[in-house]
1. Quick one: of 23/283; 106/127; 166/298, which pairs are farther than 29 Å apart, Cα to Cα?
2. In nm, to one decimal, how far is the modelled label at residue 155 from the one at residue 12, with both set 7 Å along Cα→Cβ?
3. Rg to Rh ratio, the chain, alpha-carbon atoms and Kirkwood radius?
4. Determine the distance separating the Cα centre of the stretch 288-304 from the Cα centre of the stretch 223-244; give it in Å without decimals.
5. Run lengths n ≥ 4 of DSSP H only: what is the helix-derived mean residue ellipticity at 222 nm for the chain, with -39500 (n - 2.57) per run over all residues, to the nearest 500?
6. Would you kindly derive the ³J(HN,Hα) couplings of the stretch 305-317 from the backbone phi angles with the Karplus curve 6.51 cos²θ - 1.76 cosθ + 1.60 (θ = phi - 60°), listing them in order in whole Hz, with x for Gly and Pro?
7. Between residue 131 and residue 166, how high is the FRET efficiency from 1/(1 + (r/R0)^6) when r is the Cβ-Cβ distance and R₀ = 22 Å? Nearest 0.05.
8. Only loop residues by DSSP count here, and only those with at most 15 other Cβ atoms within 10 Å; note down the trypsin sites (Lys or Arg not before Pro) in the stretch 126-234 that meet that.
Amino acid sequence: MADENEYMVESKIPGASILKRGKVRDIWEIEGNRNLLAIVTSDGISAFDVVLPTSIPGKGMVLNQLSKFWMNYLEDIVPNHLYKTADSSNIFSFSSELRDRVATVKKATVIPFECIVRGHMSGSFWKEYLNEWPDRSYVNILGHYLRPNLRESEEFPAPIFTPSTKSEEGHDMNLSYNGMVENLRMWLYGHSEIRDIVSAEVLAQTLRSTSIALYLAGKEYALKRGIIIADTKFEFGFVGDQLTLIDEVLTPDSSRFWPVDSYRAGGPQKSLDKQYVRDWLVKKAKWNGKLPAPKLPKQVVEKTSEKYIEIFNRLTK
C-alpha cells in the first residue's frame, strides 16, 4: 500500500505544455510536434461525474497498460490512436514515475459521443427499465424494445448499443440511435473536412457496428479468462480521414467486469471494477452526488486497488 504522498494525481512533463487536465487524465503537447500528444493517467478516481478527494494506488498504471493491451489486441477491427515507433521515447521526456502511466498518441478530432455497448441488464439501464416496466406488455428504452420480467444482470440475446453525448461539463445525455444520427449531423456541420467524407447516417452505422464488434471480441477473450464483460463504452475520433479508436478501452473505469464463477442473474454481481466504489458511496456513505464528495476510507482504497490489479492480471497475464 503506497503512502498517500506517493500517489500520482497531477503529472508534469518537462519541455511540454499542458493541453487539458481531465478527471483522471492529463493531455500534454510538445512544441514542434503538432500531430502527437502524451496522455498521462493519474491515480485519481471519479464517480457520478465528480472527482473524489481520494486516490487509488496503481490505478493509473492499470488503466493505461490495460488500454494499450486491448488496443493492440483489437487493432484488426479498427485502427487506434497509439503511436508506435522505435524512437517514440525520444519525443517526450518521461520520468520513471510516468513511464507506466503515459501513452504517446496521434492527435485526433474527437467525436463527442460515448458508444456504450450492453451485454447484460445492469447499471443505469436496469434502473430505467424498472421505472418503465410496471403495467406494460413491453418496455421501450431509447428505441430498444424489451420484454417485461427481465432480471437484473440477465444477459441480452444480443448486445445492444446505447450511445450518449460526451459533455465537458455536467452529465452526459443518453440518446436513441436516431437521436445520435441527428446529433452527429449537427456536429458534422462544424467539421466540413469530415462531412466531406462521411454522412451522419453512415458514421452512426459505423460507430454502432464497430463498437459491437469490439465488445464481442473483448467478451470472447475475457470469458476464456473467467471474466464477463457486462457492458462497456468506446470513444472514437478521426486521424485524418480514418476512423480511430481513442481514449481508454475495456478498463475497470469504462466497463463492468464480473467473475464467471460467481455470476448469477437476478441481482447485483461481484465486480472487479469501479462499481465497488459507487456502491460504497451510495450505500455506506449515503452520498447524494453533490460537492463535497466524501473521502474513501483506507479499506475501500485498498480493496479498490486490489480489484483493479486483479482484473489487470487476469486479463493480461
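Laboratory data are not the source of any read-out in this text; all were calculated from the coordinates shown. Being a predicted model, the structure only gives us computed values, none of them experimental. Methodologically, a virtual Cβ is constructed for each residue, glycine included, from the backbone with ideal geometry; neighbour enumeration extends over all protein chains shown.
1. Violating the 29 Å Cα-Cα cut-off are 106/127; 166/298.
2. 5.0 nm
3. Working: Rg = 19.7 Å, Rh = 20.7 Å.
Radius of gyration over Kirkwood radius for the chain works out to 0.95.
4. So the two Cα centres are separated by 28 Å.
5. Rounded to the nearest 500, it is -9000 deg cm²/dmol.
6. 3J(HN,Hα) across the stretch 305-317, in whole Hz: 4, 4, 5, 5, 5, 5, 5, 4, 5, 5, 8, 10, 7.
7. For R0 = 22 Å, the calculated efficiency reads 0.35.
8. Values: sites: 127, 136, 151, 166, 185, 195, 208, 219, 224, 225, 233; in loops: 136, 151, 166, 224, 225.
When the trypsin sites (Lys or Arg not before Pro) of the stretch 126-234 are filtered for loop state and at most 15 Cβ neighbours within 10 Å, 136, 151, 224, 225 remain.
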